[in-house]
Structure formats: structure tokens, C-alpha cells
């Protein structure tokens, strides 16, 4: 970006501005899209592919925030130290510096555009719905969870005293259909870097693709009444073989009986509030 | 008056564009309707002020070189004190409590509101208290 | 140079009688019948500070409960009421009324050289509706079933009659309606005052930034609050009149409540914040002995925030899965731009100044730093993928507490700055500085562990949490910060008692810029005996320092 002598007046400021913008924007863009080895800034590398994308975006945002935060706090500290009162003289009554004001309007706009593009790219990854055979229905109710599996007998139900375990295979796209039977709940697994509301009357669908086996801790995040604090569940990620074994364990006669009992519990939970509702609406009409 | 009008009209214009973009993009009606009426809430007073600004000369407060003398004279009538805001407030309080504790609270509530309305009008007609 | 201000007429039209000497009722009757914006503003200030103390006391109980994973201070049911009422009191009864009812009511008419608000009786009504609304909401603690317990956002269907029966919830709705109307009337009043009662020469672009921000806030109030009131009426009718607006059974939509609530709720965030931005914008230049840097940029930044604020509400609803993510993401990110302009302008106002570190100035600098932290973490939340994993965790709690604690710092700055004008007596500066350091450090000790907790996965609104030693340590630190904040608030009360009627302030203790420093402390009944000529946005400064006018751009090229 060498300036020729013929450059019209005003161009130096413009190019300086552009260079500054690039200096700010490039590292943010580069990091958020490539994901090199940077500190996690308090977040953790997730155990799902989508969570990992969000983690890289987090790193990018954090680098930007750290640079801008350090710069601004540095300016404040410098001003506070350098311009403390030294006498009763009245300083120069500067009120405007238009080029400077334009610079600190334009650079933030450029940063915002970069952040937005990075956001959209990550968002498309996180919200992608690839075709898959594994489909789990998660049902939230006051105060527990029920997980049923499409075309399978398998089921897991539990409330505050016995948190249910959602079993899912590793390295596979798993479609989750989330809904609620009563109030708004929140499906949140910390290690997956993901959460979604369970809304009554809405089927919320998303895909989880776990990269690691193990037991993960899940919890309701949206206030749902008295026992909101202890509305836990667990997600158990197992190998494909273990997953198949677990599924088929519900096809034996005993397994079927357990599943039927659990289904009955879930059905009761799901319909527990409905008669009250109809009664009230009938009474009111 | 013109600057006041312009602020509201520009805000309204921005809201209008935002509303059009949002509504056509999302097809979500609740937000679209609220933004539409937000637009109206800016354009309505904005166009009223604009209409007025075309029909009156610049006021002393719009004139950058106005002297304090130019503002001398009658400004407005300001009441010294009045009990009726308090009575009206207490009436509203009782009416809201009637929503919770039973409609019998409406009796004192409406009584206070009617008293405040009649009394306030009478006070204004008398020329107010000092 | 100066002349008689206004020939103010009493309604009785007895011409020629000076109205500066006011002979109204005395004592309690004076308080009940007053229409003087200064007394109403003072009532607002005292009431909202009492609400701050009540809300703060609830917060201390919350932090006490959370200091241990298995806290037994309160039950889960009580805990739900506690945080609901803490949030409701702080947002609806403290921050809002303090922002646009308390100092605004006192200062805005004086800053533009007006004798009173445009509608003094309506102004008084606003206060009575606010007071009764506050009492209504607090009555919830004394009814069977306790106060409202569905969070300050009152998400339907949790807030309907099936899941939250009882009078507490109805009192919450009723209290909100009253304070909502109070806010609407204040908005009308400030708009009309600014549009019609400015002194000669006080053009819109000479108004102090504080008044500008209050004007913008008033417009936002008129756009946002009716939506909330309508939403509450629908919620009440769902609860008691058999409608199904927010319930799935009967064909309603729970998400509709969230749309309505946040359509009010996000502009409300700026309704709360902008007045405090304005206070700080008044204070920093005065104590740097410089004009506000980039005055016009500041005004346009405020207007831009207002313009964008109507299109960002659903960033609170990213995880519902039913909103248009890119639209709300870009709109929310863009708000960072005008906010950044403001921060740079504040720094610019200090640059090459003569900074006098009074308590008010310290609080203002503390505000800028704390708000910067809250603002930067807010940018993360404008990005849906990042919001997905921080939503409803303590990260959010920490983010908005950084912001609102910044507002508390700003509010304290405002009280130290304008307190002498309102009461006529100085507050003790030394206690003020101790209070500042306690509040500032306490705020960071309080919020920073919460950011980490949120990233480690602790959801908000938890009465108990899994027994993890690290979580417990972080929570304990946060509780320590809360105690520091509590002590600093006590220091403020002590300061008022200690400095009660001790050191008279004089008309202009800070060498102020704007018209309120031209009149006496406290100002007379209709504010001014005389006014200076208004030739810039710093009439009092220009009057006192005729040789130090603000430089136009170009004369200051370095």
C-alpha cells in the first residue's frame, strides 16, 4: 500500500484507516475460522462437532474482545494518569476531531461485519440438519425428562429423584426432537456447548454429533417452577456396538415390560396437567 | 419545531424499513405488527410537528441568536399544588387491587377517580391553586 | 447580560406577582399536593433508593444461599420468590424510575431553563402510580403463597393460573401495570417539556447530553411500555378471564409472550442505560474542565441506539429455535458501534484535560470501565452460536450484572454530582471515595467469578447446585463481592447522615457547564431568577469563562 506522490489529499487517512481495520479484523477472522491452538478463554473444547465450531468462534470473539478491551482500558488508564489535575489552568477546549471520530465509527463497523460473517458461517454449521437414522424425542415436563427413540422400544424416563440417562451413539449424527408438555424448559449439556428451549406446542429439532464416549451432565436451564434447580438428566455417549446392544435389550420380554412401564410413567407425566387445563377452559367458557 | 419533527420522522422511516425487511424475511407476525405500530408511533407525532413547523415561525428556543429578553412574557400556567393527582393515583391503586382482592375494591377506586376527575376539572376552571 | 427569566403566571392569573416565593401547604400535605418537579423528583429519588436497598437485601440473601452448594438459608420455593422479586424490584422499581423519574425529573427542566415540567399534575400522578405500583408488587410478600415466583420475565405458561396460582402473581401484574403507566406519563411529560419549554436560544443541538438522552428515552418509553401493558392485560385475562392467548391448549402461543415481553424488554434496557450514559457524559467533561468531546457524534450515537433498539428484541430468544437468527444477530452486533462511539467520546473528553478526581468523577470512570466489560461480553451474546451455550447460564447473569452495576456506579456519580444542587449541601467526599472503591472492586469480585461459573455450566436461578469444589469457591467469591457492594450502599446512607446540612454547596461547586449550575442550590420554586444568554451547550461555563469557549473543528489541529 505504497502511496504515490499523486495521491489526492485525504487518501493517507483513508489508507491508514484501512490498514488499521485490517490489523483488527484479520486475526479475528482467521482465528474464528481456522481454530488454531489458542487459550480457551474459560470455555472448553466441546465433545460434539457443532460445539467445537462454537468453541472456535468463541476463541475468535475472545481475541477481539481482549484486544479491544486492553486498548480501551489502556487509553482510560493513560488519560487518568497523564491528565490528572496539575493546576488551575484551563486546558484547550477541544470539542471535535472529525477524522478521529470517523475512524472510531468505521473501524467498529468493519469489526462487526467480520464478526457477523464468522457468526453466520458457524451458525450454519451448528444448525445443519444432515439426514440420519438415529432420532431421539426428548420430552421435558415438570420436573423431569423422557427420552424415546423413533422405531425402537427403548425409553428413558426420570424426574428429580432419579435423573434419566439419554443414550446416544458416538460419531453419528443424532437428530433430537425437543418438546415440552407444560411450561418452557431448557435442554442444556455443558460439554456439548449447546442449549435449546423445550417449548410447549413447538417441535424443536437439532443435531448432535458426539466425538467422545462418556457420561455427560445435563440440566434444565429455563426456570420451570419449584424443582427447576434439580431437574437433571445425563447423556451417555457409547460406541455404535454398545448402542445396538442397549437398544436390543428393550426387545426381550423383560425389556419390553420395563419399556411399557416407563412409557406409562411418561404418558402419565405428559398428561398430568392436561385434565386440569381442559376443566378450567370448560369452566370459563 | 422542525428539528423535533425531523428526529421523529427519521426514526419512523428507519423503523418502517426495518419492519418491512423483518416482516418479509421472517414472516413472523407478532414482531411485524409491533414494529409496524412502532413506525406509526413515530410518524404520527413527527408529521404533526412537521405540519406545525410549516405553519409557525421559528420560536425563540429554535433561534440560536435569541436573547433572554425575547422569551420574556407569558410562558405557561403552572399550578402551585393540587391534591387531585394523589386522589387519582389512589383511585388507580384501588382499581388494580380490585383485580386481585375482589371487585368490592372498585367502589372506593371508582369513587376516588370520579372525585379526582370532577375536582381536577373544577380546579382547572377556577384557575388552579397557588 | 442577564435578565429576568420568565414571567411565570400562576393559574390564578394575578399578574405582576413574583412566583419565586411559594406559599403552599406545609408538611405532609405539601408532599401529597405538590406539583413541583423538584419535590416530585426528590420523592422519586428517595423511593427508588429505598427500592435499591430492599432489592439489594434480597440479593444478599440470594448470595447467602448460594455461598454453599446445599444452602439451607431458604427453601426452593422461597428462593424462586427471592430472585423473582430481586429482579423485578431492581428493574421495574429501582433502575427505571431512578433513571427517568428521579434525577431526570429534577434536572431536565432546569437544564433547559424551564420553570417546571410541561404537565406538573401529570408528573405528580406519575409519582403516585409509581409508589402505589411498588407497594402493590411488594404486597406479594404478605399474601398466601408468597410473591411472584416465575422470574422477572414472567414467561408464559409458567406465569398462568395453572402453574402459578395465587395473589402474588396478580399483584406482580398489577404493580407492573401501575409502574408502566407511570413510565408512560413521565415519557409524555419529558417529551413535551423538551419540545415546548426550552429557554430562548436553547436549540435542540445545544441541549446538554443528559437532556438529549432523556428525550430519546422518553420516545423509547412511548414505543415500548404500551406493549408491555397490553401483554400484561392479556396475561391477566389468561389467568382469570378464560382466554388462551399464551397457552397451547386453546390455540394460543407461549412464544407470543416472549415476543411481547422482549419487544418491551430490550428497549427497556436502553431506557435504563441511556439516562446513566447521560449523567456520566455530564460529569466527565465538567471534572476534566473540557467540553464534551464529539457532542454531535454523542447525540447521533444515542439516536442510533434508539433506532436499533426496536429491532433486537429476539436476541433474548435465540434458543427458542423459532426466531430469525441473522436479522437479530446483525442488529444486536451493530449496537456495539454507537456504544463504542460513546466510550471513545468519554475518553476523548478526558484527553488533555485537567482531571479532578472527585467522588463523582471516580464513579464515572468506574462506570466506563465496568460498562466496557458488560458491553464486550454483550457482543458474544449477539452471536447465536455463542448464545446457545451461554444462554441461561451464569455468564448471562454476570453480563447483565456488569451492565446494571455500571448503572449503579453511574447513578452514584449522579447523586454525588447533583446532590449538592438538590439539597444545597455537599456530600462527604472522603466517604464517597471509600464507597467508590468498595463498590467498584466489589462489582468486579461479584461478576468475574460468575462469568467463569457460567462458562463451566452453572445455570441461573438455581437454589442449589452440584457439589463441585471449584463452583463453591467461585460462588463464595461472588458472595464476598455482594457483601462489599452491600457495605458500599450502607456507606452512602451513612454519608447522607454524616454530611446532613454541614457544608453549604453554593450555586456552582464543580464549575459546571449547564444551566442548573446557574441557579441557586436548591433552586427556587420555579427554578430561575435569571438566565444567562445561551450561545452554546455550556451556557454557565461561557458565562463564567468568557475566554474559554469550545473550539470548532479545525482550530485544534495538532
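Values in this text are rule-based calculations from the coordinates and carry no lab data. Predicted model, so just to flag it, every value in this text is computed and none were measured. A quick note on method: Cβ atoms are made from the backbone with ideal geometry, for glycine too, and the neighbour counts reach across all protein chains shown.
For segment C:32-543, the relative contact order works out to 17 percent when only alpha carbon pairs closer than 8 Å and six or more residues apart are counted.
Across segment A:134-272, the relative contact order, built from alpha-carbon pairs under 8 Å that are at least six residues apart, equals 27 percent. Show log10 I(q)/I(0) for chain C at q = 0.10, 0.12 Å⁻¹, two decimals, from a solvent-free Debye sum over equal Cα scatterers. Scattering profile of chain C, log10 relative to I(0): -0.83, -1.20. A simple packing score, the average count of other Cβ atoms within 10 Å per residue, orders the peptides C:272-283, C:533-544, A:123-134, C:476-487 as C:272-283, C:533-544, C:476-487, A:123-134, with the highest score first. From largest to smallest, the equivalent ellipsoid semi-axes obtained for segment C:381-517 from the alpha-carbon gyration tensor read 38, 18, 9 Å. From a point 7 Å beyond the Cα of residue B:21 in the direction of its Cβ, which residues of segment C:308-342 have a backbone N at a distance under 13 Å? Taking a point 7 Å out along Cα→Cβ of residue B:21, the residues of segment C:308-342 whose backbone N falls under 13 Å are C:308-312, C:326-335. Rounded to two decimals, the Cα radius of gyration of segment B:84-126 over 2.2 N^0.38 Å is 1.21.
Quick check: convex hull of the Cα atoms in the protein assembly as shown, volume per residue, rounded to a whole Å³?
Numbers: hull volume 174.8 nm³, N = 973.
Looking at the protein assembly as shown, the number lands at 180 Å³ per residue.
Centre-to-centre separation between the Cα atoms of segment C:25-41 and those of segment A:168-187: 59 Å. Would segment A:111-154 count as rounded, prolate or oblate if I go by the C-alpha gyration tensor, calling it rounded below 1.5 in a/c and otherwise prolate when a/b exceeds b/c, oblate otherwise? Because a/c hits 1.5 or more and a/b fails to exceed b/c, segment A:111-154 counts as oblate. Taking Cα atoms only, the orientation of helix C:37-66 departs from the longest principal axis of chain C by about 30 degrees. Dividing the mean sequence gap of close Cα pairs (under 8 Å, 6+ apart) by how many residues segment B:2-58 holds gives a relative contact order of 53 percent.
Can you give me the Cα centroid spacing of segment C:45-111 and segment C:238-286 in angstrom? Here the answer is 17 Å between Cα centres.
The calculated P(r) of segment B:1-80, using every Cα pair and 10 Å bins from 0, goes 17, 30, 25, 16, 10, 2 in percent. Between helix C:254-288 and chain C there is an angle of about 40 degrees, using the helix long axis and the longest principal axis of the Cα atoms. To the nearest 10 degrees, how steep is helix C:429-455 against the longest Cα principal axis of chain C, on a 0 to 90 scale? The two axes meet at around 30 degrees. Normalised by 2.2 N^0.38 Å, where N is the number of residues, the alpha-carbon radius of gyration of segment C:237-367 equals 1.44.
Shape summary: segment A:134-272 maps onto an equivalent ellipsoid whose semi-axes, from the alpha-carbon gyration tensor, are 22, 19, 13 Å in decreasing order.
The calculated 222 nm mean residue ellipticity attributable to helices in the protein assembly as shown amounts to -20000 deg cm²/dmol, summing -39500 (n - 2.57) over DSSP H runs of n ≥ 4 and dividing by all residues. Taken over the C-alpha atoms, segment C:109-221 has Rg and Dmax values of 18.5, 59 angstrom.
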